[in-house]
Structure formats: structure tokens, C-alpha cells
Amino acid sequence: MRVPFSWIKEYVDWRGSVEELAELLTMSGTEVEGVDWVGAPADPENLARFVVGKVLTRDKHPNADKLSLCSVEVGEAHGGVHQIVCGADNFQAGDTVAVSLSGATLENGLKLKKANLRGVESNGMMMSEQELGYEEKSPGIVVLPDEWIVGAPLQDYLPVSEAVLELELTSNRPDCFSIYGIAREVAAAARLELAPPPTAGPAVLGGAPAHEALDVEVADPQLCPRYAAQVIRGVTVGASPAWLKARLTHAGMRPISNVVDVTNYVMLGWGQPLHAFDAGKIHGGKLIARRAKEGERIVTLDGVQRTLDDHMLVIADAERPLVIAGVFGSVDAEVDEHTTDLVLEAANFSGPSILRTESHTGIRSEASNRFEKGLDANLVPGGLDFASRLFSELCGGTVAPGTVDVWGEAPSRRRIVYRPAKADGLLGYAVPAPEQAGILRRLECSVDDGAPAALASGASPTAEWTITPPTFRPDLVREVDLIEEVGRIAGYDLAPETLPRHTTPGGLTELQKVRRAVRAALVGCGLDEVITYSFVAPDAVAPFGLPEGDIRLDPVRLSNPMSVDQSVMRTMTLPGLLGAVRANIDRLNDPPNIFEIGKVYLWDEPVSAPAHAAEPGAVLPHEPEVVGIILAGPLEAENWTGAGRSTDFYTLKGVVDAALGAVRLRGDYTPLGDQAVHFPYLHPGKSALVSVAGAGGTGVLGQLRPDVAAAFGIDDVAVYVATLNGRFATVALTTTAFADLGAYPPAAQDLAVVVDVGVAAADVVAVARRAGGKLTRDVHVFDVYEGGQVPADKRSLALRVVMRSPERTLSEKDIAGVRAKILTALEREFAATLR
């Protein structure tokens, strides 16, 4: 929520800086995310160049038909009368105007200087609301009230420059969604006097009473506990004054017309949303708060026709719905330039009902944002009086006597037993009982502490008080809630620094250790971690071409999705990761190398869709944690030493090796074989299964087929993907057995064996290790050859065999024996020949 600093100071006499106010609010529980300065630069020297002026003469420019040559009085302190050339046509001699003098820097960064306009010198500028930052476009200059003092700083009347606080409000504090509510917090925390509420009604009433012009019926009191309306006649719809536009703009709302602006101003200032109807468009002279009929349609103010259901509340006349209650109005009763009579609505609606309507219509407004949190029904009369007074002052309307107010029995006020000593115990520091009572009273709680009776009898006040919270504080329901209020207003900084009496050593679970190690390894490989949505579209995995019956095609469906695009739980992390790659490419960033550690949601086996709705009592899916990896960018960017190094299948394999190695595991890689049907999205010649000893199948890696990448909007980029399931975590980070470095040197033998091209190198290595026996410490492939020196259907694998004994230096006989065993086993298993 955006809160203009000057607006708060209307209700509380704050003498400190805006930064000090932000600190006070944050430390008392209302978080201030930042302070935003709007308007012209705020330094005093610049603001002194914005003044109130008066047009003395307005003559035609001698060399331009659409320009005027004006003499403008700006006060003796600023040089008296200035000659200003102006292109606007909405003013005349005698008008009071806003003037920026030469040297002023405007809101848009433009610095004024004396100029020669078509042969005539112009010294300064008469400003429009656009230049002041109040409107996106303005047809002319701003004309100010005649009583404003000529030569006075414009900042004294209008916020030429202003600080705006950005607040992060919590949903349990609907009272803070108004300027007056924030001022109440400031007054309580700073021990300042709070100004009376801005809810005084109009000074003069006239015409027939409201109840003679309008009838109100509440057909569903559960969804609409209170509905009130006033009648204002003879309004003139037009533009709002500059001060009102400034307030709304700086608070984050767009000025529209004086009628609409008044309703928004009251909502922001007092917290009660309002709606103004064109009285002439209400058929039958009656408003009805009822549930919509199933399939009933309404055209909202944005021109969209919307279909309603019978769970939604509407405000209707005798023939049709006019408003989606608390959310959005319709064109059928819209106020326009022809409107003369208004019906002003102030109501109280069910928060859960508004929240559901927002979800189903996709509309969320400033009004519905407040209603959904549960507003106080007692705000209604003040909101009507506040707005009707402004209508009378700004729109020329006459407010009809009386209010049509339909309200059942008001809910009883909560009474809470409160013990001051209990507060000291929970807070950990003492707050004197009189101070506790003072804090609660400043927060407008009624405090019955027994003090008058005790004083009369000469006894001390009772140890238990009875506290009645104000109706606008629905969050105060228990004694501990009141203690929290005392603590935050007294100041949490009063709490002494103490060590816990009992300390329990912390630590990480085994899964957390694995997760951290894998994350660190992947980051060390140059990848960035991302977090993508667990909610995805139903067709998110469609481009992968998964076979019929695959459990990944049968996602968990949400019963209350926010949108169709987020209506099921993900069964793979790759769609979200590929979406992140596409988003970077669309923004002209280099294709990224990224990973995600997160859960997917899978049923044991595919069943019918209705059985998979996540409803109360339903069997829940499994939520295995997986590691998703995507390499789309180069391994090394181009630099001054030469071209960069591109990513390939072996780069991806190295990344997976690093991730597994970080948790003391070694991956084995085999062709997809008959498992390829489950991974149709991978290039058949550039993919492999990953397994880990003791954990079985651990994942898959390979190049994404170009047509699948294109389906995600990724063209002309080779994308390599890997997915590791969580099985490897069960055998990860095992204790490594100590092995002596050895006093005896190792021996290495290189063997080149010729095998069929279809024989996997990993199988050859495994057989060689097994055959070599206990003296064999390592076997690995260091070269592969296919060419003229071997048959066309063969290839040569160069193996390096490392041997070592912890007891002696190996002899030639030992080495020859190991070599012979390996060659014999390879010949037996693969018909291998020594090259």
C-alpha cells in the first residue's frame, strides 16, 4: 500500500523525518518496504522555484496564432512580474496558476531556462497537471483557487515533491488499509494525539429524504451483513481539483472524475469502499443485495461480459444486476458526464465470499482487496458522511436527509480477560501496568482495570482487567493478542539480551546434507539455481511425447486453481526449467545453464481423473524430490583469448558426475535401450541412463530433441537436460573407509582391445575391474578409435589399468598375471582381441 507522507501528517502531528517515521512503523509491526520520492527533486533550492502566480494580462502572441503572451505576477521575492509564453487555452487574465521559474527541475527531469519562443522571450512556465505529475495527459494548465497567496511556495498547497511510504501490510490487519488507520498506529507508537476521524457529514442537507427516493432490500444477510445508501442530487460530473488528483496519484490510483475520485479518496483515507450509481439508471427505485442467478450475465466497467454463478453476490435493481458486489461495477448504472443524481453505496460484505468471487472472475480491485480481509461494518456511516460532504463541496451536489441503512443485529463486542503480570512474563521484560493500560487505550481498546473502584476503597487495582477491543480489530481475540500489542508499541527493543536456558545442538538431516552438497557442486559448475512453480497447466508435459499410460500424464488436479495455467501439480521439473530458458532468451539474455531441486507429484499408477482431485480424505500422491538440470548456454563464454567452449553431452555428463561426486557417489552410464520409450523427448544417440551402486536407476540425461525444444519456444539452441531422482540420497555421504596411501608404487598398463561397436565401454570397464582382482585399483578408458586400422563394425578401446599392492612392490609376474586375467575375461565376454 502506498501512503503519502503529507496525508498521514493531516491526522497526527509528526515532527520527524519520513525516514524516522518509516523506522517507527517498522519497529511497531507495520513493515515499510521503502520510501519513494515522487514529483520534482525535493531539495529546498529547487522547490523554491515552484510558486503560486496570478495572470495579469493575456495577449495574443505576435508571431504564433496558438500561443499566448502573458504577464504573470509571482511575488517580489521572485522578481515581480514575469513574461511567460503559454500554449494552453483554458485560462484568462485574473486566474491563479502554478508557475515554475527558470532553473527549476520538473518531475520529468526537464530543467527550465529562459527561452525564445517565436521571437519572444519566455521566463518560466505555467504548469499543467501533467508537468506536476498528477495526470498522464492534461489539456491545459492547472487553475488554482483565488484565495491562494501569490508568490507563496506551491509546495505549501500542492505536493510538488512528496515522500510516499511503501507498506507491506498483513491480511489480519484490515484496519491498516487506510491512511487514518496508519495514522492511528503512528499516534499509538509515538504517543501523539490522533486527530478526529475525517467523517463529518455535509453542512447542509436538502430535498426529499433518501428513503422516499430509494428502497433497499438485503436478500442474503449472510453475504451482506450491512447495506446503506445515501442520495445526492444535482451533481456536476467533471475533473477533480489538483489536490485530489495529487493525493490519488501519489497513493497509486488514477484520477478519473470528481465522483469516482471522491469514492476512491474516501476508501483510501477512511478504509470503507464505496460505489456510486447513476440514480436515473436504477430501475424501479430499488437496490437488492442478492445472490446472482446461475448463468446470469453482466457487462463490467471494463467492457467485458461476465457469466456469474449462484455463489456470487450482486447488487441489482428490479430488473438486472448492476454490480458484482464488492468487486466491480457494470456499465448499466455507470456514472457519466450526463449524470446529475447519485445513489452512494457503502456496504459490508462477507470476506470469504468476495475472495471466492475474485478467484472465479479473475478480478481483483482495491475495494475487493479490502473486503476480502473482513472490514468493520461500523465503517459504513463514516464513509457515507465523509463522501457526501466531499460531493457537496466538489461536485455541487445536495445531499438528501437521512440514510437508507439495512443492518441486522450488530455482533456482540468481545471481552477479554487480561493480566498485566502475564504480559511481563511473556514479553520477558516489565512494562508498568499504567503504561500497558495507556497503550491499549491509544489503540482504542476499552480498558476496565478496576482503578476507580480501587482508588475509592484505598486498595490497589485488580490483577485482572477486562479489555474490549475496537470493532475494527478482528485480530484481537485472545489475551496473548493484547500482550503482543503491548509489546510492539512499548518496543521490542526493551527486551534484554539473554541466552537461552537450555541449548539444543542444531544440525542438518542427512537429506539436507545431500541437498546442500549437490547444490554447491552444481553452482560450482557454473549453473544457477532457479525455483519454478509447482502448479502448471494440464498440457505442460504434452510436448515431451510421453507414452500412453505413463504416470506423468496423470497429474494431481487442484480443486480451487487460480487459473487454468496453474490448475495441476507438476509431474516433471523440465517444463518449468525450459520455460525459464525461454524467458531469458525472449529478454535477449544468453541461454542459461540452470538447475532446480524440488518435488514432483506422482500417483502410484494412472487412474481416472476424478479420483485424482485433491479433496479432503483423498489418498495423496507421492512427492519425490528430484534434481532437474538444463544446459543451454556455453560452458565458457567467448573472451579475448578466443572463442568460447560450447556445451555438449559430455559437459552434461561431467556436471552429473560432479553432483554425484559431491555426495561420494559414482554414476554408471548405460544406453537407454528398451527404456527409450519412456524418454521419447531425448536424442536417441545422445542420451543415457544413470545408475548408482546400491540405489539402482537414478536418472537420465541427454540432448533434448530439437522439435521438443521448439515446442517450448527455444529455437537454434542445443539444449541438454538431466533428471536425477532422490534414490541416490539413500546411499549418499556414506563414511569413506580409510585407505593407506601406500608405501609401494603403483603400476599402470595400457591395453587396446578391439570390440564390436555395439559394446558399451562401461561394460568393458566393469568386466576388466572384476577380472583384475584385488590388485586392480582402477580401470578407465582414455581413448576410442574407429577407422581404417580396425574393421568397419569394430572399434578400439584404450584401457588404462592401475595396479597396486599394499604389501609389496609388484613384480613383472604380478603385472602380467593381472593383464592376462583381464584379456581372457574380455575375450570370453565380448570376443575382444588385443590390438
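With Cα atoms as the point set, region 465-601 shows a radius of gyration and Dmax of 24.1, 69 Å.
Counting only lysines at least 8 places from residue 794 when in the same chain, those with an alpha carbon closer than 23 Å to its own are 686, 821. In summary, region 391-539 shows an alpha-carbon radius of gyration equal to 1.83 times the 2.2 N^0.38 Å reference for compact globular proteins. The portion of the accessible surface of the chain made up by carbon and sulfur, rounded to a whole percent, is 52 (1.4 Å probe; DNA, RNA and ligands excluded).
The listed peptides 106-112, 792-798, 694-700, 806-812, ordered by packing as a protection proxy, come out as 694-700, 792-798, 106-112, 806-812 (highest mean of other Cβ atoms within 10 Å first). Name the shape class, rounded, prolate or oblate, that the alpha-carbon gyration tensor gives for region 127-275, where a ≥ b ≥ c are the square roots of its eigenvalues, rounded holds for a/c under 1.5, and otherwise prolate holds if a/b is larger than b/c and oblate otherwise. Cα axes put region 127-275 in the oblate bin. For a Förster distance of 41 Å, can you work out the FRET efficiency between the beta-carbons of residue 475 and residue 137, rounded to the nearest 0.05? Taking R0 as 41 Å, the efficiency between residue 475 and residue 137 is 0.45. Pairing the Cα long axis of helix 258-270 with the longest principal axis of the chain, what angle in degrees results, from 0 to 90 and rounded to the nearest 10? Computed tilt is about 70 degrees. The stretch between residue 283 and residue 737 holds 154.7 nm of extra length on full extension. This uses 0.36 nm per residue minus the Cα-Cα distance.
One chain, two ends: residue 19 and residue 539. Fully extended at 0.36 nm per residue, the span grows by 182.3 nm beyond their Cα-Cα distance.
Relative contact order, whole percent, for region 304-374 stands at 31, derived from Cα pairs under 8 Å and 6 or more residues apart. Put a dot 7 Å past the Cα of residue 236, heading toward its Cβ, do the same for residue 215, and the two dots end up 3.6 nm apart.
Straight-line cross-link partners of residue 111 among the lysines, defined as a Cα under 21 Å from its Cα and at least 8 positions apart when in the same chain: 137. Here the label points at residue 812 and residue 172, each 7 Å from Cα along the C-beta direction, are separated by 8.5 nm in the simple model. For 243, 148, the ranking by accessible surface with the largest value first comes to 243, 148, using a 1.4 Å probe.
Summarising the amide proton neighbourhood of residue 699: residues at separation of 5 or more, or on other chains, whose placed amide H is nearer than 5 Å comprise 690, 725. Calculated accessible area for the chain comes out at 49 Å² per residue, all protein chains present (probe 1.4 Å; ligands, DNA, RNA ignored). Using a simple spin-label model with pseudo-atoms 7 Å out from Cα toward Cβ, residue 648 and residue 466 lie 8.5 nm apart. For region 1-125, the extents of the C-alpha atoms along the principal axes are 62, 26, 25 Å, listed from largest to smallest. I want the local charge near residue 307. Using Cβ-Cβ distances under 12 Å, sum +1 for each Lys or Arg and -1 for each Asp or Glu among the other residues. Combined, the nearby Lys, Arg, Asp and Glu give -1. For the chain, the longest principal axis of the Cα atoms and the long axis of helix 379-394 meet at an angle of about 60 degrees. Loop-located trypsin sites (Lys or Arg not before Pro) across region 479-558 with a Cβ neighbour count of 15 or fewer within 10 Å are 501, with loop assigned by DSSP.
Global dimensions of region 330-462 from alpha-carbon coordinates: Rg and Dmax equal 22.9, 70 Å.
For residue 599, which lysines qualify as cross-link partners when the Cα separation must be under 19 Å and same-chain residues fewer than eight apart are set aside? Straight-line reach from residue 599, under 19 Å: 513. Note on the chain: helix-only mean residue ellipticity at 222 nm, from DSSP H runs of 4+ residues weighted -39500 (n - 2.57) and normalised by residue number, equals -7500 deg cm²/dmol. Residue-wise HN-Hα couplings along region 312-327, as the Karplus relation 6.51 cos²θ - 1.76 cosθ + 1.60 with θ = phi - 60° gives them from phi, are 9, 9, 10, 9, 10, 9, 5, 10, 7, x, 10, 8, 7, 3, x, 10 Hz; Gly and Pro carry x. For region 1-65, the fraction of C-alpha pairs more than 14 angstrom apart is 73%. Working note: Karplus 6.51/-1.76/1.60 with θ = phi - 60° gives region 396-412 the couplings x, x, 10, 8, 6, x, x, 9, 7, 10, 9, 8, x, 5, 5, x, 5 Hz, where Gly and Pro are set to x. Counted by Cβ distance under 10 Å from residue 332, the other residues give a net charge of -2, where Lys and Arg count +1 and Asp and Glu count -1. Return one number: the angle in degrees, 0 to 90 and rounded to the nearest 10, between the long axis of the Cα atoms of helix 761-772 and the longest principal axis of the Cα atoms of the chain. Helix 761-772 sits at roughly 50 degrees to that axis.
Within region 109-182, the GluC sites (Glu not before Pro) that combine a DSSP coil assignment with at most 13 other C-beta atoms in a 10 angstrom radius are 136, 147. A 1.4 Å probe, protein heavy atoms only, puts the accessible area of residue 655 near 10 Å².
Rg over Rh for region 169-247 works out to 1.06, both radii taken from alpha-carbon positions and Rh defined as the Kirkwood radius. In the set (1) 27.9, 97; (2) 38.0, 120; (3) 40.8, 153, the label that goes with Rg and Dmax of the Cα atoms in Å computed for this structure is (2). Restricting region 1-93 to GluC sites (Glu not before Pro) that sit in a DSSP loop and have at most 15 other Cβ atoms within 10 Å of their own Cβ leaves 10.
The values are calculated or read from the model by the stated rules, or taken from the named source; none is laboratory data. This is a predicted model, so every value here is computed, not measured. Ideal geometry is used to build each Cβ from the backbone, glycine not excepted, and the neighbour counts take in all protein chains shown. Ligands, DNA and RNA are excluded from the accessible area calculation, which covers all protein heavy atoms including side chains. Shrake-Rupley method; radii C 1.70, N 1.55, O 1.52, S 1.80 Å.
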